[in-house]
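Undergrad: Please see the structure below; I have some questions.
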Amino acid sequence: MRKYRNRRPVILAVVGILACAHSPAFAQARCAELPASDVNCPVDPQQPDVAKEVAWVDLPALPEAQPLVPAIDTPAAVSAGSAAAEPVQASAQADETHPRDIVVTGRGEWEAPDPLVGVNLKAFEATQAVDKALVGPIALAYKDAVPKPVRDGVHNFLYNLREPVVFLNFVLQLKIGRALETVGRFTVNSTVGVAGVFDMAKRKPFKWRRRSNGFANTFGFYGIKSGPFLFLPIVGPTTPRDLIGGALDRLLFPFVYGKRITKPEFSVPFAVLGTLDHRAEFDETLHQLHDGQADPYARSRDFYLQRRQNEIDELKGRAPKNSSPMSEAPTAPVTVKERAPEPPAGVEKPGDPPRDPPN
C-alpha cells in the first residue's frame, strides 16, 4: 500500500494530462450534434479526432444573402428598378407576340355538328317554300274548319297508337314504374277512352300524363351520340340517331296492330292526319322561331336539338319531370340557347391532336 501511495501524485498527474488532451475532441462531437443556431463552439476543427466525430453531419447550404433594393429615390435605385423591370416587360411583350394556342370552350351535349350546313340550308328553304304555299294553308284551314274537340280526339288517337312503343322503351331504359303507367294509360284510353279518342287516363283518379319515348331516346339514354344534324325534305330536322330510332319505332306497329296497318288505306290517312295535326299544333312555335329572325334555320336546328337533349336529360334525372315532350308544342315562349363560339383560326380545339412543334 505504501508503494502505491508514493506513486499516487504521479498517477493523478498522468490522468489529468490525458483528460486535457481528449477534451477538445469530445467537446467537438457534442457541438456537431447541435442544430444550426447561434451557439458558439470554439473547438479546433483541425484535430484528427474532431474529423472522425463530425464527418456524418450534413447541413444544408444556406443561400447567399441578396442585396436589398434601396428605398431612397436615387439614380442608383432608379437604375436598379428599371433593370429589374426589363425582364417582366420583355415577358409581357413575348406573351403578346406569342399568344396561347390552347383555348378550352365548354359545349353543350345538344350541340350536334352541322357539316352539311349548305345542303341542309337548301332543304330548309325548299321545305319552307312548300310549307308556305301548301302545307301551312291546308293545316290552318284544317284548324279553323274542324272544332277543337274533334282535333283533340284525332291527336289523342294518333298518340295512343304509339303507347306500346313508349312502353317498350321505358322497359329498355329500366324505368319500370313509367312502363307500368304507360300500360295503364293504353288500357284505359283504348277501352274507356274509345280507342284513345278521349284521354281519360290523364283525368282523375288516374292522372297519368302522356309521355314521349322511342328508340332514339333509348340510344341517347345509353350514351350514343346523335351524329351530325340533318334537315331532310318531308322529314324535317333530324339526326342519324333519330332516323334509325324512328325507323325502329315504326317497325313495331305491325307486330302490335297487324300487317294491315301498313297498307296504303291505313298508312296514308294516318300520315296525312298526323302531318296536319302536327303542323297546326306547332304553328305558333314556328312563328316564334322564324318571324323576324336573322337566321331562322339556325334557330330551328338548335331548338330541335335542345328539346331532344332535354328529353334525354329528363330520362337521366337531369331535367324537370314536367318538361314538355317532343310530341307536344311548348306552352311557354320559345327560348333557344346560343352555341358556344368557335375558336379562332389556327387555335387548337378541345380533342384535336397536338400540332408538331416548330423546327
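Undergrad: Tell me, what is the per residue accessible area of the range 181-250 in Å², probe radius 1.4 Å?
TA: Values: 3600 Å² over 70 residues.
Result: 51 Å² of accessible area for each residue.
Undergrad: Quick one: pull the percent of accessible area on the range 232-289 belonging to carbon and sulfur, 1.4 Å probe, ligands and nucleic acids left out.
TA: Reported share for carbon and sulfur atoms: 71 percent.
Undergrad: Among the listed pairs 316/337; 225/316; 175/225; 225/337; 202/263; 175/202, give every one whose C-alpha distance is greater than 23 Å.
TA: Violating the 23 Å limit, Cα to Cα: 202/263.
Undergrad: A further question on this structure: Taking the Cα centre of the range 117-218 as origin, sum charge times position over the Cβ atoms of Lys and Arg (+1) and Asp and Glu (-1), and report the length of that vector in debye to the nearest 20.
TA: Roughly 440 debye, rounded to the nearest 20.
Undergrad: Let me ask something else. Once the Cβ-Cβ distance between residue 339 and residue 287 is put in as r, and R0 is 25 Å, what FRET efficiency do you end up with, to the nearest 0.05?
TA: For residue 339 and residue 287, the calculated efficiency is 0.65.
Undergrad: How would you order 273-279, 166-172 from highest to lowest mean count of nearby Cβ atoms within 10 Å?
TA: Final packing ranking: 166-172, 273-279.
Undergrad: Shape of the range 143-224 from its Cα gyration tensor (a ≥ b ≥ c, root eigenvalues): rounded if a/c is under 1.5, otherwise prolate when a/b > b/c, or oblate? Display every interim value, and only then the final one.
TA: Details: a/c = 2.81, a/b = 1.62, b/c = 1.73.
In terms of gyration-tensor shape, oblate.
Undergrad: Could you give each residue of the range 260-270 its phi-based ³J(HN,Hα) in whole Hz, using Karplus coefficients 6.51, -1.76, 1.60 with θ = phi - 60°, and x for Gly or Pro?
TA: Working through the residues one at a time gives 5, 5, 8, 6, x, 5, 9, 5, 5, x, 4 Hz.
Undergrad: Classify the range 113-156 as rounded, prolate or oblate from the Cα gyration tensor: take a ≥ b ≥ c as the square roots of its eigenvalues, call it rounded if a/c is under 1.5, otherwise prolate when a/b beats b/c and oblate if not.
TA: The shape class here is oblate.
Undergrad: Over the range 263-310, average the accessible area per residue using a 1.4 Å probe and give it in Å², no decimals.
TA: 50 Å²
Undergrad: Starting from the amide H of residue 232, placed 1.01 Å from N in the peptide plane, find each other amide H under 5 Å away whose residue is 5 or more places distant or on another chain.
TA: The list, which skips near neighbours in sequence, is 238.
Undergrad: Another question, if that's okay. Does the range 239-330 come out rounded, prolate or oblate, given a ≥ b ≥ c as the square roots of the eigenvalues of its C-alpha gyration tensor, rounded meaning a/c under 1.5 and, failing that, prolate meaning a/b above b/c?
TA: oblate
The values are calculated or read from the model by the stated rules, or taken from the named source; none is laboratory data. This is a predicted model, so every value here is computed, not measured. Methodologically, a virtual Cβ is constructed for each residue, glycine included, from the backbone with ideal geometry; neighbour enumeration extends over all protein chains shown. To get the accessible areas, we keep the full protein, side chains included, count just its heavy atoms, and leave off ligands, DNA and RNA. Shrake-Rupley method; radii C 1.70, N 1.55, O 1.52, S 1.80 Å.
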